[in-house]
1. For the chain, what does -39500 (n - 2.57) per DSSP helix run (n ≥ 4), summed and divided by total residues, give at 222 nm, in deg cm²/dmol to the nearest 500?
2. At residue 59 and residue 11, where each label point lies 7 Å from the Cα along Cα→Cβ, what is the point-to-point distance in nanometres?
3. Using the Cα centre of the chain as origin and beta-carbon charges of +1 (Lys, Arg) and -1 (Asp, Glu), tell me which of 30, 123, 66 is placed farthest towards the positive end of the dipole.
4. Within 9 Å, Cβ to Cβ, of residue 119, how many net charges do the neighbouring residues add up to if Lys/Arg are +1 and Asp/Glu are -1?
5. Going highest first, how would you order 89-102, 17-30, 67-80 by mean Cβ packing within 10 Å?
6. For the Cα atoms of the chain, what angle does the longest principal axis make with the long axis of helix 2-45, in degrees from 0 to 90, nearest 10?
7. Dipole magnitude of the chain about its Cα centre, charges +1 at Lys/Arg Cβ and -1 at Asp/Glu Cβ only, in debye to the nearest 20?
8. Once a ≥ b ≥ c are taken as the square roots of the eigenvalues of the Cα gyration tensor of segment 41-129, is the result rounded (a/c under 1.5), prolate (a/b larger than b/c) or oblate (a/b not larger than b/c)?
Amino acid sequence: MYDDMFEQEDELQKDIETAKTGCGFAVVMIIALIMFLPLLFNLIDGMPSTVDSKSNSGVVVELEALGSPDWPFGSQDGRVWLKLGSFKICSEDFMLSNDGKNMDESNWRVEWKDDRVLITIVGEEQVDEHITLYYDGKTESDSRYVS
């Protein structure tokens, strides 16, 4: 009789220890997740996304946003790409000052030339920025953007 009572107490003690270990593990996992979430959100936000593209005779230029605008009314990093099919010929980075708004197709103009593409970046809080992407891979920009 006493042996049964001691065995039940031992089992109860083991169950309590198992529960404590499980709770401790859960707390550690929750803390790790809380610490990891801001890093994950920052990583996802920094991923480039194509905003618009224009093509001419198989050559494509793409307007790409590099993350979101700085909060609350800041600038947004961007990039323009010149491509021939899936081959990337060249690119140029820029910074768009557009009153904290997300970049869209209204923030650029494209003019096709025989040997180059002239791109104008337009933002509400900046002077128009001119970027030239040449078909041979050269680039020119009047940008003051430093990457």
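1. Details: 1 runs with 44 residues, N = 147.
Rounded to the nearest 500, the figure is -11000 deg cm²/dmol.
2. It works out to 8.1 nm between the two label points.
3. Toward the positive end, the furthest listed residue is 123.
4. Numbers: positive: 109; negative: 92, 111, 129.
Local net charge: -2.
5. Numbers: 89-102: 18.4, 17-30: 10.0, 67-80: 16.0.
Final packing ranking: 89-102, 67-80, 17-30.
6. Helix 2-45 sits roughly 10 degrees off the main axis of the chain.
7. On the way: 12 positive and 29 negative charges, 203 e Å.
Taking the Cα centre of the chain as origin, the dipole is about 980 debye.
8. Working: a/c = 2.71, a/b = 1.51, b/c = 1.79.
Since a/c reaches 1.5 but b/c is at least a/b, the shape of segment 41-129 is classed as oblate.
A short reminder: the numbers here are calculations on the coordinates, not readings from a lab. Predicted model, so just to flag it, every value in this text is computed and none were measured. Neighbour counts run over all protein chains shown; Cβ positions are idealised from the backbone, glycine included.
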